[in-house]
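Read through the structure below, which is laid out as structure tokens, and then see the notes.
The values are calculated or read from the model by the stated rules, or taken from the named source; none is laboratory data. Note that this is a predicted model, so its numbers are computed, not measured. Neighbour counts run over all protein chains shown; Cβ positions are idealised from the backbone, glycine included.
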Amino acid sequence: MKRFVFCLSLILLLAGCAGMGDPRDTATELVPGQPYEVMTPGHRYFTFTLSAPARVVLESHTFPGDTGVVAPAGQLLDADGQLVVRDWNSGRNSNFRIAHQLEAGTWYLRVTTPHASLGSFGMLERDYRYSVTLRIDRSR
């Protein structure tokens, strides 16, 4: 019986591990100049591909009344998921702003809302609305 329980536990553990994929696999494609609106807290992954080297600007934008309360943080990752640069609040109204010269290739942006917390009933006390934009300057 112990052996059966052990084998069953091992199978369940392996099945759970197999179901956990890389969050970059389901990243949302960012289109230059087109904002992507987020309504809930948590980690979000975005992706974009450069066909040639370019300077990019990635920014978050909070909505009026949310400044200082909703504070998304951005992390630019390379194709292997390695951190290139991060920012918390160098943009307008405590938003992140990442301006960086990048080589051609696939890039990822991980956005988190570090100040999101659950209320007394286990629910979020408010929406965490913000948008994310990508701007590409190929002239540099």
#### Entry: Considering residues of the range 29-70 that are under 11 Å from the mean Cα position of the chain (by Cα) and exposed (fewer than 13 other Cβ atoms within 10 Å of the Cβ) only, the residue modelled with the lowest pLDDT
GLY42
### Query
What residue, of GLY122, GLY81, GLY74, is modelled with pLDDT of 90 or more, part of a loop (DSSP other than H, G, I, E, B) and either crowded, with 17+ Cβ neighbours inside 10 Å or small (Gly, Ala, Ser) (or both)?
GLY81
### Task
Answer yes or no: is there a residue in the range 47-54 that is part of a loop (DSSP other than H, G, I, E, B) and at positive phi.
no
